[in-house]
1. Go through the stretch 518-609 and name the GluC sites (Glu not before Pro) that are in a DSSP coil and have 13 or fewer other Cβ atoms within 10 Å of their Cβ.
2. How compact is the stretch 503-553 by the rule of thumb for globular proteins, expressed as Cα Rg over 2.2 N^0.38 Å?
3. With N set to the number of residues, divide the alpha-carbon radius of gyration of the stretch 359-428 by 2.2 N^0.38 Å and report two decimals.
4. Find the Rg to Rh ratio for the stretch 109-233, where Rh is the Kirkwood radius over alpha-carbon pairs and Rg uses the same atoms.
5. Magnitude of the Cβ-charge dipole of the chain, K/R +1 and D/E -1, about the Cα centre, nearest 20 debye?
6. Roughly what would the spin-label model give for residue 480 and residue 283, points 7 Å off Cα along C-beta, in nm?
7. Mind checking the log10 I(q)/I(0) for the stretch 215-311 at q = 0.11, 0.14, 0.23 Å⁻¹? Debye, one equal scatterer per Cα, no solvent, two decimals.
8. Quick one: what are the phi-derived ³J(HN,Hα) couplings along the stretch 205-222, Karplus 6.51/-1.76/1.60 with θ = phi - 60°, whole Hz, x for glycine and proline?
Amino acid sequence: MIAKMAKYNFVLYAAQSEDFIERLRELGLVDITTSGWEPSEGDRQLLIDIEGHQKAADFITSFRADEERCDTKAAPYADGEEAYEAYESARREAQQLSTEIARLEKLADELRPWGAFDVERTEKMARKGIVLRYFSTQRSTFDKSLEEWSQNYTIAEINRSDAMVWFVVVTAPGQEVSLDAQEMKSPKTDIRGAEQEIAECRRRMATLDKEFSRVAASEQLIKAHCASLKERLQGVKVTSTAVSAADGRLLVMEGWAEEETSDKVDALLDEYPNVVYLKDKPSEEDDTPVKLKNNWFSHIFEFVGDMYARPKYGSIDLTPFFAPFYMLFFGICLNDAGYGAVLTLLGLWMVRGNKKGTTMYQAAWFATLCGLMTTVFGLLCGSAFGLQIFSNPPIDFQKYFFTWALAIGIVQIIFGMILKVVLISSTVGFKYSFGTLGWLLVVAGASIAGGLPLLNENWVIPFFTLSSPLFYAVAGVGVVMMLFLNSPGKNVFLNFGLGLWDTYNNITGILSDVLSYIRLFAIGLSGGILAIVFNDLAAGFVPEGANIVVRILIMLPVLLIGHGINLFMSVISSFVHPMRLTFVEFYKNAGFEMATRAFNPLRKMDKED
């Protein structure tokens, strides 16, 4: 359900703006319109600092997990700003050291074949006219060409591996050397020097862990400072987008509050000095923010809808209507009672480990419900970890579900069209829904008269078949409505032309929409086949006559890895493809319109925000 909103327009002195915004933030019920905000250079730095604080929080989480590096007894900094600056300084130095270590390790790999040597001595020899040139080539090339090369150059082999040979050529200054080999620059240090520099960089890197430990001890201070920066950003957006009047002395702001809590906003505004406000209901032209208010079950699926967009204010929230379908589609795609049980247990574990009201808590219940549906559907199909647990399961997935997947798609499409009729009727009037209603009658009538017998020959309705007068009557009414009553107020010929165009689009669209639901059968079938393959693969590794202990030791790793991979990939597919069916097929046929903004009131930022 979409919460009802109240619209406000505030006029206040510019000098009061900061205090006024702070009072609204303490109230936590008013969303101020900040559309069109363009950040200044200072605002961009504020955004960068907020992002940096969030990255610091992520770093602290991973750093704490490394018990060898993190000193849990380290003293925290005095405040969050000091802790963040220390983190940034240490992070930049650690990044530079990491780059230097990578460079030195590459250099060490190049120097390692040459072993330890005296760099100063080779430089003295070069000043006296004895120059060492450093080469490497393939072992076969070196062995084949050494005799020929030795006739023109003095060559000394330094090192060799199974594939390569490293050697030096003694030359005079400026002498040209032509060999089928790769030459490298004369080393400025040897392997010992490179390893000493690496050790020094690692020592300096280790000293930074003391700073990072203090940063980790200041985690809550950093989060509190980040929250203050986000509050400052709220104020910047509001004051930057407010309309200035009376030579900058006044500011005009647009705000929104939930209708059921607007009396608290009114009370604040009535007692606040020197503020004039107007309260009204939103109009169709307003960019009204949207807040969803659903029951526990539908609320769990709100984050799925938010991945696309929230519904436009004044339309229908489709979350309660797609949620049961989504659960069903997920269970069909995963289609294994064993996998469903694993997902359910994982979801319940996540529920216990996350704070109520957080996104992760919501996602945990989502996983739990989808896991339960998968378990139920898997039991109906008689499948668990690729094993057939019933000889005659209630549902023969491979034999019948191709047709049933199409039937489920038709049901959801018809349901979406019903919702579209309701939406049009409630917003602009019932007569404007006649075009959609006509298509609904044709699609639903054809599905009942012709589709039901295809699913089960006993489901024929005697008085409503493809050859019955009642079917022709229903279809005829639908055709008249969609061809001649699709645009009330326009002449009949224009309506007919628009109806013919809509007929072409709807026939091709509905056909492709229905066929899209085949993916439910395809994904469920592929996951089940892969589960069977991994079971057969594990059994194939067991020698004939092996006892139960040997069988377990051999099969268990293969089964764990195989089913783990299949479960991971199948869960992703079961999450993504029902979402596609929801956003493309269902939303389109239900007449979904998206909102441009969600309701986001000014509020005191929590450390966890």
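1. 544, 608
2. On the way: Rg = 21.6 Å, N = 51, 2.2 N^0.38 = 9.8 Å.
Working it through for the stretch 503-553, the quotient is 2.20.
3. Details: Rg = 17.7 Å, N = 70, 2.2 N^0.38 = 11.1 Å.
After normalising by residue count via 2.2 N^0.38 Å, the value is 1.60.
4. Working: Rg = 25.1 Å, Rh = 18.6 Å.
Value, to two decimals: 1.35.
5. Working: 57 positive and 73 negative charges, 211 e Å.
Here the size comes out at about 1020 debye.
6. So the label points at residue 480 and residue 283 sit 3.9 nm apart.
7. -0.61, -0.92, -1.24
8. Those phi angles translate into 5, 5, 5, 5, 4, 5, 5, 5, 5, 5, 4, 4, 5, 9, 4, 5, 5, 5 Hz.
The values are calculated or read from the model by the stated rules, or taken from the named source; none is laboratory data. It should be emphasised that the depicted structure is a prediction, and the values quoted were computed from it without experimental measurement. Neighbour counts are summed over all protein chains in view; Cβ atoms, including those assigned to glycine, are modelled from backbone coordinates with ideal geometry. In case anyone asks, the SASA skips ligands and DNA or RNA and just uses the protein heavy atoms, side chains included. Shrake-Rupley method; radii C 1.70, N 1.55, O 1.52, S 1.80 Å.
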